[in-house]
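Asks: Handing you this structure, nothing more for now.
Values quoted throughout were computed directly from the atomic coordinates according to the rules given, and no laboratory measurement underlies them. The structure displayed is predicted, hence computed values, not measured ones. Heads up, the Cβs are rebuilt from the backbone with ideal geometry, glycines too, and the neighbour counts pull from every protein chain shown.
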Ligand SMILES: *Cc1c(COP(=O)(O)O)cnc(C)c1O
């Protein structure tokens, strides 16, 4: 059975009858930028997340960039983050002229290691930037305590964690500011690029609204240098249709993950660890195995997709060679050498999961 990493067509088929009339009427209304659906989605997303302000923007990378700008992070500042994430997390730090300080990850959750964060704080540290990797919330309580103690800004990278919660509070509602991505394959995805920043602060929200729209509060009056980074109306229509379904989607992702766990039990590999501090929403289902190549080859032979997120940690990327200064992060490096992600999406059937588990079991016990 051919099985892709994600199947956006299956989800579209389910939404088609509701979505197509809504999209067509948006085309007819011809209010494509900062229109009524964008405003409505921002209200609905803020209510869902339990946060005072949600400000949409063009993509998740911009969301991180604007979040750091709104928090006044800039040249001379250090931002502590994880080297085991998508490049955008650290790119955003570079965009504002600050320095990314990488620290190693926890070998179970693959999220930033709080003890290492503590040791990396210097007088130049201005922000902590944890990533809720693969949909599992980072351990936010001690990070928030550290941020308060050292007067740091806590910025959450929620690109992979829409709908996840930490101790019953949604990710994106805990940090001072948080960044989301609506890239099509994210847990909540639109049909192009999209992003959002959340904050409880009126002041930060006002600055974000200006930054995303050419530094302007009143049209053609510009107070600061801003950007063109807006969510468009068509994407907002898609997101409004999907937002009420996100808990169901995430529940289905958890069904798939738990079925994988059962189907792969007893094999010589590490299945994802849920730390129990919150709700893991499985943006990815990622195994660690010394026999990664054999697993991938067996899956490929059966036309089953798999992927390596991420093969090269950020401190080993050419672009960050100077800031990483040849440091090594043993846990991150070991994980990057062994990780392999399996297909996961809400519509993935139990039968498909069972087939994938069977292929892996055969590859590892042959
Ligand atoms: C996807 C992603 C981003 C960037 O989002 P885009 O919308 O693709 O710009 C940032 N951080 C993480 C962890 C991501 O997975």
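Asks: Tell me whether region 127-150 contains one or more residues that are under 30 Å from residue 348 (Cα atoms), surrounded by fewer than 21 Cβ atoms within 10 Å (Cβ to Cβ) and more than 16 Å from the ligand (Cβ to nearest atom).
Replies: Yes - at least one qualifying residue is present in region 127-150.
Asks: In addition: For residues that are free of Cβ contacts under 8 Å to residues at least 24 places away in the same chain, crowded, with 16+ Cβ neighbours inside 10 Å and in a loop (DSSP other than H, G, I, E, B), scanning just region 177-234, find the one that is nearest to the ligand (Cβ to nearest atom).
Replies: Let us first name the residues in region 177-234 that are free of Cβ contacts under 8 Å to residues at least 24 places away in the same chain, namely 203, 206, 210, 214-226.
Okay, now just the ones that are also crowded, with 16+ Cβ neighbours inside 10 Å, so 210, 214, 216, 226.
Remaining after also requiring in a loop (DSSP other than H, G, I, E, B): 214, 226.
On the way: 214: 20, 226: 18 Å.
Per the stated criteria, the residue is 226.
Asks: Still on this structure, I have one more. Among the residues of region 285-312, count how many are surrounded by 21 or more Cβ atoms within 10 Å (Cβ to Cβ) and within 16 Å of the chain's Cα centre (by Cα).
Replies: 2
Asks: Search region 152-174 for residues being under 13 Å from residue 67 (Cβ atoms) and within 14 Å of the ligand (Cβ to nearest atom), and hand back the single one that is surrounded by the most Cβ atoms within 10 Å (Cβ to Cβ).
Replies: So the residue we want is 158.
Asks: Follow-up question, since we're still on this one. Within region 104-122, can you find the residues that are surrounded by 21 or more Cβ atoms within 10 Å (Cβ to Cβ) and farther than 18 Å from residue 134 by Cβ?
Replies: 117
Asks: Could I ask something else about it? If you check residue 273 against the conditions, is it touching a residue at least 12 places away in the same chain (Cβ under 8 Å), part of a loop (DSSP other than H, G, I, E, B), surrounded by fewer than 18 Cβ atoms within 10 Å (Cβ to Cβ) and within 18 Å of the chain's Cα centre (by Cα)?
Replies: In short, yes.
Asks: Give all pairs with beta carbons closer than 9 Å in which a residue from region 145-174 that is closer than 22 Å to residue 276 by Cα and free of Cβ contacts under 8 Å to residues at least 12 places away in the same chain meets a residue that is within 16 Å of the ligand (Cβ to nearest atom) and outside any loop (DSSP other than H, G, I, E, B); count only pairs at least 6 apart in sequence or on separate chains.
Replies: Close Cβ pairs satisfying both conditions: none exist.
Asks: For region 318-326, does any single residue satisfy the condition of being in contact with a helix residue (DSSP H, G or I) (Cβ under 9 Å, 6 or more places away or on another chain), surrounded by 17 or more Cβ atoms within 10 Å (Cβ to Cβ) and either in a loop (DSSP other than H, G, I, E, B) or at positive phi (or both)?
Replies: No, because not a single residue in region 318-326 is in contact with a helix residue (DSSP H, G or I) (Cβ under 9 Å, 6 or more places away or on another chain), surrounded by 17 or more Cβ atoms within 10 Å (Cβ to Cβ) and either in a loop (DSSP other than H, G, I, E, B) or at positive phi (or both).
Asks: Further question: Would you mention how many residues in region 286-315 are at negative phi and outside any helix (DSSP H, G or I)?
Replies: The total comes to 17.
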